1. Could you give every pair whose Cβ atoms fall below 7 Å, whose first residue belongs to the range 220-248 and is at positive phi, and whose second residue is part of a helix (DSSP H, G or I), counting only separations of at least 6 or pairs across chains?
2. If you scan the range 192-211, which residues turn out to be charged (D, E, K, R) and touching a residue at least 40 places away in the same chain (Cβ under 8 Å)?
3. Where in the range 65-131 are there helices (runs of 4 or more DSSP H), lying wholly inside it, with at least 2 residues that are touching a Lys or Arg at 6+ places or on another chain (Cβ under 6 Å) and buried (at least 18 other Cβ atoms within 10 Å of the Cβ)?
4. Which residue, of Gly122, Gly112, is more than 10 Å from the ligand (Cβ to nearest atom) and not charged (D, E, K, R)?
5. Taking the range 126-150 as the region of interest, how many residues are over 10 Å from the mean Cα position of the chain (by Cα) and within 14 Å of the ligand (Cβ to nearest atom)?
6. With the range 177-256 as the region, which strands (runs of 3 or more DSSP E) entirely inside it contain at least 3 residues that are of a type in the set (S, T, N, Q), away from the ligand (no atom under 16 Å from the Cβ) and within 21 Å of Pro93 (Cα to Cα)?
7. Considering each residue of the range 142-163, count those that are at pLDDT below 95 and β-branched (Val, Ile, Thr), and give that number.
8. Mind checking whether some residue in the range 151-168 is within 15 Å of the ligand (Cβ to nearest atom) and of a type in the set (Gly, Ala, Ser)?
Amino acid sequence: MFILQEAIACPLCHQSLAATPQHCDTCHNYFQKELQKTPSSLMDLTPEAAHQQIKDNAIQPKPLRTELFRSPIISFFYERVLPPIWAAGLRNPGGIDVEFAQCTQFFGENPGIVADISCGTGIMARRLALTGKCKQILAVDYSEAMLLQLQQQMKLDGISSSEIIVIRGDVEALPLASDSIDAIYAGAAMHCWPNAEEGIHNIYRVLRSGGKLFATTFLKPFPSIVFRFFSVDELRHILLRAGFNSEYVQIEARGLYAIIRCIK
Ligand SMILES: C[S@@+](CC[C@H](N)C(=O)[O-])C[C@H]1O[C@@H](n2cnc3c(N)ncnc32)[C@H](O)[C@@H]1O
């Protein structure tokens, strides 16, 4: 519980919810009340959840590439239909099992506090929980439908609600304290974010010094119609501008799939 309260923060002022002043003028302590819900139910730490308490101009409408994942049909499809298609080569040749092996190898034997950002149905968070090696896992996504699938799957997999803390959060208003997270996984996610620059900037902020980011996304020439796809150079630029040192940024292109490994 201590780790939780220290790492989970107000998405607006970034203060750890454990350290929020008696009265917060920004959210009027809305998010602190959400923290009390854990671990049994979903905490909603998006600015939208507190819209009645905060100024409306803090909330921007999201693009289709974010909104479409909020559909229960998409979350069902994501959990039940896509994994075998990925394994056949659509994602990271070898599918999610290969990605899991790459990610755990990069995170090492003691991954510490791990956040799966844009976790979707928790395809990676659940695998990480089953290793029993992480000090704490936080699973964050903007879509309530994806998180509901995650919670249902956790029950089926025998993973308790204290092993994976499930949070509704926006990567652009990340409800995590600065320098608090040891390792972040953001799988197949950047192309879905409204603003990838802002998302990576926030990830850099919340990683502790020496913390690791393992992220994957798709590359051009996939056309950016709904999703935003990147070239390797664009990805590198985004990572360096967020603050990562070029020495500790590695981007591997496997066909049209990019695998990013960074150390803060
Ligand atoms: C393609 S899915 C990837 C899910 C999972 N990480 C995986 O590896 O399969 C992209 C996820 O990004 C989430 N997402 C999109 N915009 C977001 C935002 N602004 N903040 C947090 N998550 C977001 C979506 O809800 C969706 O679950």
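1. As it stands, the answer is Gly243/Tyr204, since those pairs meet every condition given.
2. Glu197, Arg205, Arg208 - these are the residues of the range 192-211 that are charged (D, E, K, R) and touching a residue at least 40 places away in the same chain (Cβ under 8 Å).
3. Here the list reads 95-107.
4. When all the criteria are applied, what remains is Gly112.
5. 12
6. In the range 177-256, there are no strands (runs of 3 or more DSSP E) which contain 3 or more residues that are of a type in the set (S, T, N, Q), away from the ligand (no atom under 16 Å from the Cβ) and within 21 Å of Pro93 (Cα to Cα).
7. 0
8. no
The values are calculated or read from the model by the stated rules, or taken from the named source; none is laboratory data. Computed from a predicted structure; not experimentally measured. Methodologically, a virtual Cβ is constructed for each residue, glycine included, from the backbone with ideal geometry; neighbour enumeration extends over all protein chains shown. Ligands, DNA and RNA are excluded from the accessible area calculation, which covers all protein heavy atoms including side chains. Shrake-Rupley method; radii C 1.70, N 1.55, O 1.52, S 1.80 Å.
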